[in-house]
Each structure stands twice: as structure tokens, then as C-alpha cells.
Amino acid sequence: MADPSFDVVSKLDRMELDNAVNQAAKEVGQRFDFRGTNPSIEIKGETIEIKASTDDRVLAALDVLKEKLVRREVSLKSIEYGDPIPAAGATSRLVVNLRDGLEDDKAKKVVKLIKAEGLKGVQAQINGDFVRVTGKKRDDLQAVIALLKASDFELPLQFVNYR
């Protein structure tokens, strides 16, 4: 029988993201404090675009979006954004980038942390956009999971295919 293993991934649940964006767009369209500001929130590929007439209304719409993401259990670590940008006319916009997948530098940090812990019989290797962790004992793998949960990699980590 093969050694126990699991995969460390960073995946974004697209369905929950779509639901959160749709709920946020509906709420900003109906709320009284957004009247006359022409607010919009929509997904465009790997980004979410928020538009409104002023910078403070864009930031308020961002807060609504964050609230909906948290309710839908989508980690706020999976989004990154800057300051609102004045667009053409009397509108302001904000582009929110989505993080999906485990980038090479983050995967290397995960492997380095696991090796630095020095658990005997535990190996970690990068396989594309995930890290496979194998070990002799399930207890060691659970210790690795606890270690990774306690560390901050600035992106959401999930542990899948635990065998």
C-alpha cells in the first residue's frame, strides 16, 4: 500500500464567487445610499470591476462585495485591489484581481516550511499548481496541515485528496 498523502491547493470556488458578486450588485443597485451614483459590480475574466460616480461610493461597494464574499465563505485572501481610478467622465472604477491557483513562489515557500519543520518521513514536492505531501504516518501529515494552517501565506490554502 502507498504512503498516506494529501495535496495543498489554492482554489477559488467560482460558483460562490459568482453568487457573491450577483448579490452585491443587486444590493448596491437597491440601496438608498447608492441612488444616483450608477453603481455596478461585474466579473470580467480574472477580475471584478466596480464602478460608481465617486471614489467613496466605489469603496462602499467594495465593502458590500467583501461582506457577501465572507457570507459565501470565499476567503478575502483570494482578492487583491488598489485604489479607485478616475475613469472617463464622472465615474470612478476599481479593478479587483482574483487569485486562483498556487503560484510557484508560494509553492516553494510551502515546501521550504515543511522541510524546515524536520518531520521524519515527510516529503513535499511541487506538481504544477499544487504541492503533494507524503509521509509514513498520518499523524505527521496532520501535523503538517496544522503547521500550514498556522502560517500566513497571504492566500487561502485547501487540503485535498487526503489518503
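The values are calculated or read from the model by the stated rules, or taken from the named source; none is laboratory data. Note that the structure is predicted; figures quoted are calculated from it, not measured. A quick note on method: Cβ atoms are made from the backbone with ideal geometry, for glycine too, and the neighbour counts reach across all protein chains shown.
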Among (1) in contact with a helix residue (DSSP H, G or I) (Cβ under 6 Å, 6 or more places away or on another chain); (2) assigned by TED's automatic domain parsing to the domain that holds Ser53; (3) not β-branched (Val, Ile, Thr), where does Ala124 come up short?
-> (2)
So which residues in the range 95-145 are surrounded by 16 or more Cβ atoms within 10 Å (Cβ to Cβ), free of Cβ contacts under 8 Å to residues at least 24 places away in the same chain and assigned to a loop (DSSP other than H, G, I, E, B), if there are any at all?
-> Val122
Looking at the range 13-51, which of its residues are at negative phi, assigned to a loop (DSSP other than H, G, I, E, B) and surrounded by fewer than 18 Cβ atoms within 10 Å (Cβ to Cβ)?
-> Asp13, Arg31, Arg35, Glu46
Identify all residues within the range 5-19 that are aliphatic (A, V, I, L, M) and in contact with a Phe, Trp or Tyr (Cβ under 8 Å, 6 or more places away or on another chain); write none if there are none.
-> Val8, Val9
Out of Asp3, Asp63, Asp83, which single residue is in contact with a Gly (Cβ under 7 Å, 6 or more places away or on another chain) and either modelled with pLDDT of 95 or more or part of a loop (DSSP other than H, G, I, E, B) (or both)?
-> Asp3
Can you tell me which residues in the range 116-135 are at pLDDT below 90 and charged (D, E, K, R)?
-> Glu117, Lys120, Asp129
